[in-house]
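Have a look at the structure below before the remarks.
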Amino acid sequence: MAEHYDVIIIGSGAGGGTLAHALAASGKRILLLERGDFLPREMDNWSPAAVFVRGRYISKDTWFDGDGKAFQPQVHYFVGGATKLYGAALYRLRPGDFGEIKHADGISPAWPLSYGDFEPWYSQAERLYQVHGNGGEDPTEGHRSEPYPWPAVSHEPRIQQISDDLAGGGYHPFHAPCGIMLNEADRPRSTCIRCAWCDGYPCLVHAKADAEVIAVRPLLGQPNVTLLTGAEVTKLETDDSGRTVTAVAVSRDGGPEVYRADIVAVCAGAANSAKILLNSASDRHPRGLANGSDQVGRNYMFHNCKAVVALSKEKNDTVFQKTLGINDFYFGAKDYQWPIGNIQMIGKSNAEAMRGEKPRLTKLSPEWTLSDVAEHAVDFWLTTEDLPVPGNRVTVDGDGQVHLAYTPTNNEEAGRLYHELKKIMNHTGMAEHHVLGKNFYMDMSIPVAGCAHQAGTCRFGTDPATSALDVNCKAHELDNLYVVDTSFFPSIGAVNPALTAMANALRVGEHIRQRIAP
Ligand SMILES: Cc1cc2nc3c(=O)[nH]c(=O)nc-3n(C[C@H](O)[C@H](O)[C@H](O)COP(=O)(O)OP(=O)(O)OC[C@H]3O[C@@H](n4cnc5c(N)ncnc54)[C@H](O)[C@@H]3O)c2cc1C
Ligand code: SF4
């Protein structure tokens, strides 16, 4: 006899971990199924060679691109999911992102809910994930019902200088919102030590506001919450009507197990949530669970991104660099009709992680060693919105393996963002011919492999013909199945997705809590 719970949550990342946190106080029996284990605390956490060169924390999964070519996706299976490695840049979508936006390559569709609907949940998520920021600096940001819970992370001198130069040039640089447990007013007691090993690394001292540390760990030991690690969900089964999920099939330590619950929430990340639903096809759901609309797996997005390094004559001694953002081009530019995107900083380059870039980078300044290059580098991350295109999709083959077909959109806009960055660099003492794209994350020669910001495979909406989920992220076609991760995004905007996944999990958590209340 399989064990029965009130709620089963599949996946413990930004969506699932936060949902578990939201539901735990209900006292209901919650089972959190996570295919990964706890990420080990070890010196490798902060080793560029281990993290970026050897890929110590990347899953061994093999996926296949649209041509059937195998690749290793940059996904991370741990308690806390991708947030264990994330840069903790916790942005709200802009109010305009919730409406329809015309792009060079097509339409970014409107969401069924507005920024106003999400605002209270954003505030709650910012409190939970201890977001540091400074409201009012970024002209594109929406109304806030409360200030950031923590003051913005301060700029170090080189970044402050860049910020001042940009402001002097008429731009609106702002302090980037960030989820780290840094108390600058009391550094001796601050959990975060403000180190250089944050963006893309796990935090050795558990000071990053990730879903494990913030949402899941505090639940361990609560009698109504059970976490099973190493528990990979393979399939969901329904009753004869097809309306109710009755069994969650799990592969655990190599053996099959079955669990049951009144409510099942799939939160395995956009690609893996689609994989679970597609692999759960049955007579009642021949195209896959919740997929009468044929939308499951489609509209995969992951941003049109570029990592860029700019070299200046001055040294850049910055330790924690991810403190500045620029949204002046988010919705366009004076002489350009399309939205362009967001510019933010990323973790500071270091020679060890840049090894693979050596020939290109040292060409900029032939007399410099790679260490010189790293010492002078200022690193940016450029994000342009990509569009939900039906043909950009996750499918599964006869063996249940993920195939990810993806053709980029809005390359012209992304090119324009790069152009704007080079232009604004002229205000900062960094000549535009000293700006270069770089492969930020190991081998990005297969672009689909860099799926950090994956979203959109089960979009929510009001019309069951064009969406998989309703506005509460419940499958239109089932009574007890929810999808609560970045899969629900109908469009992705041009800012990082995690805070929206967290805010949405709190929103859906409240809906489920009311539903299961006695
Ligand atoms: C290097 C890196 C840097 C990033 N930086 C930022 C940033 O600065 N800001 C930002 O907003 N976002 C950032 N992101 C993206 C952000 O982490 C994700 O958007 C977010 O974690 C997605 O949440 P999710 O719940 O959809 O998926 P995840 O957080 O990935 O959680 C999915 C969970 O499901 C588990 N799982 C998968 N399949 C199964 C299965 N079959 N059975 C059981 N469990 C399963 C996984 O192990 C995982 O724990 C970054 C990501 C990476 C990789
Ligand atoms: S900067 Fe702070 S949160 Fe980030 S890795 Fe270092 S100690 Fe951890």
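Points to keep in mind about this one:
- Annotation: amide H of Gly332 within the under-5 Å range of Ile340, Gly341, sequence separation 5 or more or interchain, hydrogens built in the peptide plane.
- Pairs of Cα atoms farther than 42 Å apart, the chain, %: 14
- Among the listed pairs Lys235/Lys348; Lys306/Lys334; Lys235/Lys322, those whose Cα-Cα separation exceeds 32 Å are Lys235/Lys348; Lys235/Lys322.
- Percent of alpha-carbon pairs separated by more than 27 Å within region 113-265: 49
- With 5 Å bins beginning at zero, the pair-distance distribution over Cα atoms of region 214-258 amounts to 5, 19, 17, 15, 20, 16, 5, 2 %.
- Asp240 contributes an accessible area of around 140 Å² to the protein surface, as traced by a 1.4 Å probe with all chains present.
- Shape of region 476-516, Cα gyration tensor, a/c cut at 1.5: oblate
- In region 76-121, Rg over Rh equals 1.12, where Rg is the alpha-carbon radius of gyration and Rh the Kirkwood radius from pairwise Cα distances.
- Taken over the alpha carbons of region 123-174 as equal point scatterers, the Debye sum produces base-10 log I(q)/I(0) values at 0.13, 0.17, 0.25 Å⁻¹ of -0.38, -0.62, -0.99.
- Amide hydrogen neighbours beyond the local backbone of Thr238, cut-off 5 Å, H modeled: Thr246
- Among beta bridges that DSSP assigns inside the chain, antiparallel share in %, nearest 5: 65
- Residue order for Glu119, Glu412, Glu184 - accessible surface, 1.4 angstrom probe, largest first: Glu412, Glu184, Glu119
- Region 191-324: C-alpha gyration tensor shape, a/c 1.5 cut-off, then a/b vs b/c: oblate
- Note that region 58-124 presents 36 Å² accessible area per residue, ligands and nucleic acids not counted, probe 1.4 Å.
- Shape of region 62-101, Cα gyration tensor, a/c cut at 1.5: oblate
- Region 20-63 versus region 183-215: alpha-carbon centroid distance in Å: 16
- The chain, relative contact order [Cα under 8 Å, separation at least 6], %: 23
- Cα centroid of region 295-340 to Cα centroid of region 224-291, whole Å: 37
- Carbon + sulfur, % of accessible area of the chain - ligands and nucleic acids excluded, 1.4 Å: 51
- Only helices enter this figure: runs of n ≥ 4 DSSP H residues, each worth -39500 (n - 2.57), summed and divided by the residues of the chain, yield -5500 deg cm²/dmol at 222 nm to the nearest 500.
The values are calculated or read from the model by the stated rules, or taken from the named source; none is laboratory data. Keep in mind that this is a model prediction, so the values were computed, not measured. The protein model used for the area step is the full one, side chains on, heavy atoms only, and it has no ligands, DNA or RNA in it. Shrake-Rupley method; radii C 1.70, N 1.55, O 1.52, S 1.80 Å.
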